[in-house]
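Read through the structure below, which is laid out as structure tokens, and then see the notes.
The values are calculated or read from the model by the stated rules, or taken from the named source; none is laboratory data. Just so it is clear, the model here is predicted, and its values are computed rather than measured. Note: ideal-geometry Cβ built from the backbone for every residue, glycine included; neighbour counts use all protein chains shown. Protein only, heavy atoms only, side chains kept; ligands, DNA and RNA dropped before computing areas. Shrake-Rupley method; radii C 1.70, N 1.55, O 1.52, S 1.80 Å.
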Amino acid sequence: MKNKLLMGLITMLIFCFLFSACDSKKIIIEETKEKISIEEAKKLILATPDISQSSKTDIELIEITPSNIWDQTKCQLYKIVDDYKNSETFIVTNQKAVHIGNGFGGFGVTSAVPYDVNKDGVLEIVYAYSFGSGIHRSVISWIDIKSFTEHHVEDMPERAVFIMDDLILKIESKEVVVYRIAGINENKINFDRLRLYPTDKDIDYMTLEKDGDLIWANSKLYNKH
């Protein structure tokens, strides 16, 4: 009886050791994950349905990944900037590329932040983007980076007109605050920075006006303004 108990204890200790070793290996792999190159990202993006249906085989691609998004989600963000002033954006992670937002006739994604939308302990990515040929409008969406499901952020209360100013999102007191770009210092930057992606330094040259705060209610994310 004692021998059986001893053997059972030894087996349990071996199992725990192996599990711990595997778990430690997983942590090391996650910590040493590196960014992929623009050329690697281009191959993934060209293989998506959004691009493969087009006759265009070459694209001008730039990486716009904010440091906090890479540090906290290990996702990279890329923009296609073409001759027609369209700026389409893709999230690239785990050898997969997914198109987000809309940049047709607008600037595409102008701001993105990592954020636990539904407070379940898992980070998503929230982003603002602008589009519209004729009627310029700005929209906020978020994406579940596990399922790559995109969700539109509704306004609370509902607006009678579109938001026509471009938007900047900021994390303040662990929540997302929405700002309109009311103006820029044209001696320092121009609006083309929005088509590429404004850096923190670019934002310093902008006049921002608070539009609202993002809140989670009724299983949805809203911009309470």
Percent breakdown of C-alpha pair distances by 10 Å bin, ordered from the shortest bin, for the range 50-188: 11, 41, 36, 12, 1
Global form of the range 156-223, assessed from the alpha-carbon gyration tensor, a/c cut-off 1.5: prolate
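Where the accessible area of the range 87-194 is counted over protein heavy atoms with a 1.4 Å probe, how much of it, in %, is carbon and sulfur? Before the final figure, lay out the partial values.
Numbers: 2480 of 5060 Å².
Ligands and nucleic acids excluded, carbon and sulfur reach 49 percent.
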Heavy atoms of ARG159 accessible to a 1.4 Å probe, total area in Å² rounded to 10: 50
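So what is the relative contact order of the range 75-225, in percent, for Cα pairs below 8 Å that sit 6 or more residues apart?
On the way: 334 pairs, mean separation 27.9, N = 151.
After rounding, I find 18 percent.
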Links that overshoot a 19 Å alpha carbon limit, given the list LYS170/LYS201; LYS35/LYS201; LYS33/LYS146; LYS96/LYS174; LYS74/LYS201; LYS146/LYS174: LYS35/LYS201; LYS96/LYS174; LYS74/LYS201; LYS146/LYS174
Inter-centroid distance (Cα atoms) of the range 162-225 relative to the range 112-127, Å: 17
Solvent-accessible area per residue for the range 116-211 (1.4 angstrom probe, square angstrom): 55
Charge-dipole axis of the range 113-210 as Lys and Arg at +1 and Asp and Glu at -1 on Cβ define it, positive-most pick from ASN190, TYR129, MET164: ASN190
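So what is the relative contact order for the range 89-140, in percent, with contacts set as C-alpha pairs under 8 Å and at least six apart? List each step's numbers first, then the result.
Values: 93 pairs, mean separation 15.7, N = 52.
That works out to 30 percent.
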